[in-house]
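Asker: Structure below; questions to follow.
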Amino acid sequence: MEEKTYKTMGSSGILSLVIGIIICILGVGAGVAMIVNGGRLLKGKNDILF
């Protein structure tokens with residue numbers, strides 16, 4: 001019974017690490033995309049005529 005608990009804890013730990021890494025990568029990707037988009041908006045605001 002104890003061996004099953006250790007295996008479950010190991011699998012759960014690995015899954016948590018993988019999900020954490022994926023979330024970090026997605027977060028960095030989203031941050032970079034927002035910075036690029038913001039820069040484009042600021043650059044293009046001078047071209048708008050009302």
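The values are calculated or read from the model by the stated rules, or taken from the named source; none is laboratory data. All figures in this text were calculated on a predicted structure; none of them were measured in a lab. Please note: Cβ atoms are built from the backbone with ideal geometry, for glycine as well, and neighbour counts cover all protein chains shown. Ligands, DNA and RNA are stripped out before the accessible areas are found, and what is left, the full protein with its side chains, is counted by its heavy atoms. Shrake-Rupley method; radii C 1.70, N 1.55, O 1.52, S 1.80 Å.
Asker: Provide the gained length on full extension for the span ASN37 to SER16, in nm with one decimal, where the gain is 0.36 nm per separating residue minus the Cα-Cα distance.
Answerer: Here the segment from ASN37 to SER16 would lengthen by 4.4 nm.
Asker: A further question follows. Per DSSP helix of 4 or more residues, -39500 (n - 2.57); summed, then divided by the residues of the chain. What does that give at 222 nm, rounded to the nearest 500? Walk me through the numbers before you get to the answer.
Answerer: On the way: 1 runs with 43 residues, N = 50.
Computed mean residue ellipticity for the chain: -32000 deg cm²/dmol.
Asker: Please give the contour-minus-distance gain from ALA30 to THR8: 0.36 nm per residue of separation, less the Cα-Cα distance, rounded to one decimal in nm.
Answerer: Working: separation 22, 0.36 × 22 = 7.92 nm, distance 3.26 nm.
That works out to 4.7 nm of additional length.
Asker: Might you tell me the accessible area per residue for the chain, computed with a 1.4 Å probe and given in Å²?
Answerer: On the way: 4920 Å² over 50 residues.
Each residue of the chain exposes 98 Å² on average to a 1.4 Å probe.
Asker: Just one of (1) 18, 11, 9; (2) 48, 6, 4; (3) 27, 12, 7 is semi-axes √(5λ) of the Cα gyration tensor in Å calculated from these coordinates, so which is it?
Answerer: Checking each listed value against the structure points to (2).
Asker: Under the Karplus relation 6.51 cos²θ - 1.76 cosθ + 1.60, θ = phi - 60°, what is the ordered set of whole-Hz ³J(HN,Hα) values for region 36-45, x standing for Gly and Pro?
Answerer: Those phi angles translate into 4, 5, x, x, 5, 5, 5, 5, x, 5 Hz.
Asker: Compare the Cα positions of ALA33, ASN46, LEU15 along the charge dipole of the chain (+1 at Cβ of Lys, Arg; -1 at Cβ of Asp, Glu; about the Cα centre) and return the one farthest towards the positive end.
Answerer: Toward the positive end, the furthest listed residue is ASN46.
Asker: Taking all protein chains as present, what is the carbon and sulfur share of the accessible area of the chain, in % to the nearest whole number, probe 1.4 Å? Present the calculation step by step, with values, prior to reporting the outcome.
Answerer: Values: 3590 of 4920 Å².
Carbon plus sulfur share of accessible area: 73 percent.
Asker: Let me ask something else. Can you tell me the dipole magnitude for the chain around its Cα centre, using point charges on the Cβ only (Lys, Arg +1; Asp, Glu -1), in Debye to the nearest 20?
Answerer: Details: 5 positive and 3 negative charges, 52 e Å.
Its charge dipole is roughly 260 debye.
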